[in-house]
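*Asks:* My questions all concern the structure below.
The values are calculated or read from the model by the stated rules, or taken from the named source; none is laboratory data. From a predicted model like this one, the values you see are computed outputs, not experimental measurements. Heads up, the Cβs are rebuilt from the backbone with ideal geometry, glycines too, and the neighbour counts pull from every protein chain shown.
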Amino acid sequence: MGVRSLGYVRLNSPDLKAWRSFGEDFLGMMRVEGNTPDSLYFRIDHYPPRLVVSQAEEPSLGALGFEVLNKRELAQLVSAVEAEGIKVSTGTDAERAERRVTGLAKFDDPAGNPVELFYGPILDHVRIQTPLVSSFVTGDMGMGHVIVTAEDVETTFDFYSRVLGFIERNTAGPTYFMGCNPRHHSFGIAPTPGPGKLVHIMVEMATIDDVGLALDRAADMNIPMMNTLGKHTNDQMLSFYVYSPELYAVECGFEGLRVEHEEPTYEITEGALWGHKFTPPPMPPS
């Protein structure tokens with residue numbers, strides 16, 4: 001029993017125009033229509049939209065959507081979360097329809113990050129079309145990975161490992177990287193004061209040319225670079241990072257490490273074997 005993959009990410013944003021260009025023209029995702037007219041829906045594979053961006057006055061994380069196996073496992077996980085003293089709400093008919101899932105439960109993790117557990121994605125069988133990217137690497141590894149923050153990292157780590165079933169893959173000082181399938185890590189927790197928040201999203205592309213062409217698009221579109229092309233020490237991924245419209249870190253990667261069996265955890269002292277030179281975020285307009 002436990003989470004199987006990162007199924008989707010939901011964001012709130014005051015600038016849907018910027019996100020439409022970022023998601024469609026830069027990342028190369030397939031924009032589709034959804035149930036809510038003031039939201040953007042992006043597909044990257046045969047699943048329902050993996051990224052949804054909704055209109056809001058302030059930017060924020062709307063939800064991390066984690067997939068579980070079936071109705072029975074959702075009920076077991078809900079009971080386990082409630083046993084921790086965390087209030088869980090059942091998704092309404094409208095929420096399940098909008099997310100195109102069969103079952104849905106919602107709660108905040110110990111750091112305050114909004115989490116949704118779901119099962120039974122409803123597939124529309126419309127062929128995915130991503131002309132800017134040959135394909136995205138998902139399948140048994142889910143959407144990609146996310147990094148969030150927590151003021152109390154140890155308590156949050158304990159919740160994700162003991163209650164939701166994530167496996168500790170490695171640490172980098174106080175930061176944890178955790179897996180729930182063969183992807184080296186689907187989830188990470190970094191320390192920061194205050195309520196938890198999203199800091200990083202990764203999508204994996206099928207070829208090195210996909211990453212190279214995305215790098216060219218970032219330059220052509222003047223998307224601010226966060227980390228230059230480089231290779232990670234932990235998941236061995238070749239990637240670069242840009243800043244999203246709200247200055248989240250968005251990583252475009254290739255050939256990340258698959259971990260097929262449980263392996264001992266370890267600590268890294270460097271994030272990259274080479275590259276990944278950092279550039280501070282652009283100054284907001286005055």
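*Asks:* If a residue counts only when it is among the acidic types (Asp, Glu), which strands (runs of 3 or more DSSP E) contained entirely in the stretch 151-195 have at least 1 such residues?
*Replies:* 167-172
*Asks:* Oh, and also: Looking at (1) in a loop (DSSP other than H, G, I, E, B); (2) of a type outside the set (Gly, Ala, Ser); (3) free of Cβ contacts under 8 Å to residues at least 60 places away in the same chain, which is the one condition that is false for Met226?
*Replies:* (1)
*Asks:* Residue pairs, Cβ under 9 Å, 6 or more apart or interchain, first in the stretch 34-53 and of a type in the set (D, E, K, R), second surrounded by fewer than 20 Cβ atoms within 10 Å (Cβ to Cβ) and not in a loop (DSSP other than H, G, I, E, B). List them.
*Replies:* Asp38/Leu16; Asp38/Ser54; Asp38/Gln55; Arg43/Arg31; Arg43/Val32; Asp45/Gly139
*Asks:* Considering the stretch 247-286 alone, what residues qualify as being surrounded by 19 or more Cβ atoms within 10 Å (Cβ to Cβ), in contact with a Ser or Thr (Cβ under 9 Å, 6 or more places away or on another chain) and not in a strand (DSSP E or B)?
*Replies:* Gly256, His276
*Asks:* Taking the stretch 161-181 on its own, how many of its residues are surrounded by fewer than 21 Cβ atoms within 10 Å (Cβ to Cβ) and either of a type in the set (Lys, Arg) or at pLDDT below 95 (or both)?
*Replies:* Number satisfying all stated conditions: 1.
*Asks:* A further question follows. Considering only residues that are of a type in the set (Phe, Trp, Tyr) and within 30 Å of Pro193 (Cβ to Cβ), which ones fall in the stretch 105-126?
*Replies:* First, pick out the residues of the stretch 105-126 that are of a type in the set (Phe, Trp, Tyr): 107, 118-119.
The one that is of a type in the set (Phe, Trp, Tyr) and within 30 Å of Pro193 (Cβ to Cβ): Phe107.
*Asks:* Let me ask another. Asp235: surrounded by 17 or more Cβ atoms within 10 Å (Cβ to Cβ), among the acidic types (Asp, Glu) and more than 15 Å from the chain's Cα centre (by Cα), yes or no? Give the derivation first.
*Replies:* Values: surrounded by 17 or more Cβ atoms within 10 Å (Cβ to Cβ): yes; among the acidic types (Asp, Glu): yes; more than 15 Å from the chain's Cα centre (by Cα): yes.
Taking the combined requirement at face value, the residue satisfies it.
*Asks:* Say whether the condition of being aliphatic (A, V, I, L, M) and under 21 Å from Val137 (Cβ atoms) is met by at least one residue in the stretch 37-51.
*Replies:* yes
*Asks:* When the residues of the stretch 34-47 are narrowed to those that are assigned to a loop (DSSP other than H, G, I, E, B) and touching a Gly at 6+ places or on another chain (Cβ under 9 Å), which ends up nearest to Ile122 (Cα to Cα)?
*Replies:* Tyr47
*Asks:* Just give me the residues in the stretch 83-100 being over 19 Å from Pro37 (Cα atoms) and either buried (at least 18 other Cβ atoms within 10 Å of the Cβ) or not assigned by TED's automatic domain parsing to the domain that holds Lys71 (or both), in sequence order.
*Replies:* Quick first cut of the stretch 83-100, residues over 19 Å from Pro37 (Cα atoms) only: 83-91.
If the condition is that a residue be over 19 Å from Pro37 (Cα atoms) and either buried (at least 18 other Cβ atoms within 10 Å of the Cβ) or not assigned by TED's automatic domain parsing to the domain that holds Lys71 (or both), then Gly91 is the only one that fits.
*Asks:* If you don't mind, another one. So which residues in the stretch 207-252 are among the polar types (S, T, N, Q), out of contact with any His (no Cβ under 9 Å at 6 or more places or on another chain) and either over 14 Å from Ser21 (Cα atoms) or not assigned by TED's automatic domain parsing to the domain that holds Glu168 (or both), if there are any at all?
*Replies:* Thr207, Thr233
*Asks:* Let me ask you something else. Given the criteria surrounded by fewer than 22 Cβ atoms within 10 Å (Cβ to Cβ) and charged (D, E, K, R), does Asp158 qualify?
*Replies:* Judged against the criteria, Asp158 is a match.
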